[in-house]
1. Based on the mean of other beta carbon atoms within 10 Å per residue, what is the order of 248-255, 154-161, most packed first?
2. How do the peptides 146-152, 276-282 rank, highest first, by the average count of neighbouring beta carbon atoms within 10 Å per residue?
3. Can you sort 320, 73 so the residue with the fewest Cβ neighbours within 10 Å comes first?
4. When only Cα pairs under 8 Å and 6 or more residues apart are kept, what is the percent relative contact order across segment 1-41?
5. Within a 10 angstrom radius of the beta carbon, how do 199, 323 rank from fewest other beta carbons to most?
6. Based on the mean of other Cβ atoms within 10 Å per residue, sort peptides 11-18, 94-101 so the most packed one is first.
7. With axes computed from alpha carbons, what is the tilt in degrees of helix 297-323 against the longest principal axis of the chain, rounded to the nearest 10 within 0 to 90?
8. What is the log10 of I(q)/I(0) for segment 121-292, computed with the Debye formula using one identical point scatterer on each Cα and no solvent, at q = 0.12, 0.13 Å⁻¹?
Ligand SMILES: [Zn+2]
């Protein structure tokens, strides 16, 4: 079973060994009350279990933000779901559900899902860049998920693509997330349309700059709005620079660009790849397949289930090594 805890909704699903989501259920995420947050996840797991009429063998859970996966503990702070910050989610849920529970960052789980069931099937190394409200990322190298010393491995959304760029909400400067996240794209458009009542984006937002969304910016750029085009041009170039970093640094078999913004990025694939060519070694880029996979609600569930499968295999391998 896979559980994807998002900032607004939590989805649980039963996933077959071929990656097919057999059944799923969705509930609003309890963001603030720690007790209710756990009850909500337990209820959702029970609901999906009843739908299928079969017991899962393990549960994988993806949560936003850094996670100490070895201890199954959610990092602090998890700004999207404060109720889970610092919780030993793996142990607590394991006790209540009577199953092995594995917890990791949601995009780390997504990377394992793409490797096992998605665009990276058959690959040994893969990097996922997930552009949604923010930009998350996950790295798998030679079949192993890269978690890093403190659970921050794969936070590529906060690598600088412009070292003297504006401050990011993470405290850094010029991060990829400023240019390629839904939030960053909308904020850039708001700043640049300020005072321009005739702006196509402001009109689409009913005159309220705060109502401008990334989707509106992409649409206005497609319709020839020069301000929107300047914002989206930066998005493409920032992604190109990030792909350059990934390709020159890791040269994975596959780079998957996904998340809520990916659907709007798909028509811009040629421009993003052209921008990547400005930064990456040509033979390295030629050996790395870059694919844009529009975000899908079930991808998070599939990823969380892939996490459980991955951890079960790791456990078995460790036991084998210990006994030989
Ligand atoms: Zn940042």
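Values in this text are rule-based calculations from the coordinates and carry no lab data. Just so it is clear, the model here is predicted, and its values are computed rather than measured. Here the Cβ positions follow ideal geometry from the backbone for every residue, glycine too, while neighbour counts run over all protein chains shown.
1. Values: 248-255: 18.8, 154-161: 21.5.
Per-residue mean Cβ counts within 10 Å order the peptides as 154-161, 248-255.
2. Numbers: 146-152: 13.9, 276-282: 16.1.
The peptides rank, most packed first, as 276-282, 146-152.
3. On the way: 320 9, 73 19.
Starting with the residue having the fewest Cβ neighbours, the order is 320, 73.
4. On the way: 59 pairs, mean separation 12.8, N = 41.
Relative contact order here is 31 percent.
5. On the way: 199 21, 323 6.
Fewest-to-most Cβ neighbours within 10 Å comes out as 323, 199.
6. On the way: 11-18: 19.4, 94-101: 16.2.
Going by the mean number of other Cβ atoms within 10 Å, highest first, we get 11-18, 94-101.
7. Roughly 50 degrees, rounded to the nearest 10.
8. Cα-only, vacuum Debye calculation for segment 121-292: -0.54, -0.62.
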